[in-house]
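The values are calculated or read from the model by the stated rules, or taken from the named source; none is laboratory data. The structure displayed is predicted, hence computed values, not measured ones. All Cβ positions, glycine included, derive from the backbone under ideal geometry; neighbour counts span all protein chains shown. To get the accessible areas, we keep the full protein, side chains included, count just its heavy atoms, and leave off ligands, DNA and RNA. Shrake-Rupley method; radii C 1.70, N 1.55, O 1.52, S 1.80 Å.
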Amino acid sequence: MEEPTADFYMYFYSGHKGKFGHEFFRFEIDKRGRLKYSNNSNYRRDSLIRKELRMSPTLLEEIKQIIEDSEIMKESDEKWPSRDENGRLQLEIRIGEKSINFETARITSLADIQNTKDPEGLRVLYYLIQDFKCLILSLVSLHYKIKPLG
């Protein structure tokens with residue numbers, strides 16, 4: 001695969017420790033298009049799921065465009081709630097010379113952000129994360145579950 005010119009890295013983690021142990025959803029994407037996905041839930045005795053796949057340069061460029069369009073790189077987590085007993089959410093993105101590394105309390109719904117000091121910034125984060133969760137789960141599902149015709 002051809003080496004991209006711009007440096008790129010994305011890491012997302014959302015998790016908590018509760019009655020079912022350490023449960024989390026995590027993914028990491030590097031500049032070569034390698035996606036590492038992990039999901040751990042002990043609910044109903046589920047186990048850790050780990051998958052890794054490669055994405056095309058075209059998809060990687062689309063991911064960068066989604067990030068740019070969201071304007072998340074303009075946000076700041078200074079006024080966001082700190083991690084708490086309900087868990088934490090972390091998002092790290094590096095595109096070229098620009099980078100962010102946010103950490104906040106875990107967000108489970110839009111209702112969680114209504115009474116915060118920066119609901120608009122958290123809304124941007126929430127929708128971006130929802131978009132990426134859908135994309136990542138779709139990619140993993142397509143990559144590992146489609147059986148060839150024949």
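Once Lys and Arg get +1 and Asp and Glu get -1 on their Cβ, which of T58, W80, N39 lies farthest toward the positive end of the dipole of the stretch 28-104?
The Cα lying farthest towards the positive end belongs to N39.
Solvent-accessible area per residue for the chain at a 1.4 Å probe radius, Å²?
Working: 9470 Å² over 150 residues.
Heavy-atom SASA per residue in the chain reads 63 Å².
Taking 0.36 nm per residue of separation and subtracting the Cα-Cα distance, what length does fully extending E28 through N86 add?
On the way: separation 58, 0.36 × 58 = 20.88 nm, distance 2.25 nm.
The span from E28 to N86 would gain 18.6 nm if fully extended.
Nothing charged except the Cβ atoms of Lys and Arg (+1) and of Asp and Glu (-1): what's the magnitude of the dipole of the chain about its Cα centre? Round to the nearest 20 debye.
Details: 25 positive and 25 negative charges, 194 e Å.
The dipole of the chain has a size of about 940 debye.
State the percentage of accessible surface on the chain attributable to carbon and sulfur atoms; use a 1.4 Å probe and exclude ligands, DNA and RNA. Let's see the in-between values first.
On the way: 4400 of 9470 Å².
Carbon and sulfur together cover 46 percent of it.
Using only the Cα atoms of the stretch 1-141, build the gyration tensor, take square roots of its eigenvalues as a ≥ b ≥ c, and label the shape rounded, prolate or oblate: rounded if a/c is under 1.5, else prolate if a/b is larger than b/c, else oblate. Before the final figure, lay out the partial values.
Values: a/c = 2.16, a/b = 1.16, b/c = 1.85.
Oblate, because a/c is 1.5 or more while a/b does not exceed b/c.
According to the square roots a ≥ b ≥ c of the eigenvalues of the Cα gyration tensor, what is the shape class of the stretch 13-73, taking rounded for a/c under 1.5, prolate for a/b larger than b/c otherwise, and oblate for the remainder? Can you show the working numbers first?
On the way: a/c = 4.07, a/b = 1.91, b/c = 2.13.
Since a/c reaches 1.5 but b/c is at least a/b, the shape of the stretch 13-73 is classed as oblate.
Where does the charge balance sit around R88 when Lys and Arg score +1, Asp and Glu -1, over other residues with C-beta under 11 Å from its C-beta? All intermediate terms of the calculation are to be shown ahead of the outcome.
Numbers: positive: K17, R83, R106; negative: D84, E85, E103.
Taking every other residue near R88 into account, the sum is 0.
Just subtract the alpha-carbon distance of E68 and S99 from 0.36 nm times their residue separation and send over the number in nm, one decimal.
Working: separation 31, 0.36 × 31 = 11.16 nm, distance 1.18 nm.
Between E68 and S99, full extension yields an extra 10.0 nm.
Anyone know which of L35, L139, L122 comes out most mobile in the 10 Å Cα GNM of the chain?
So, out of L35, L139, L122, the one fluctuating most is L139.
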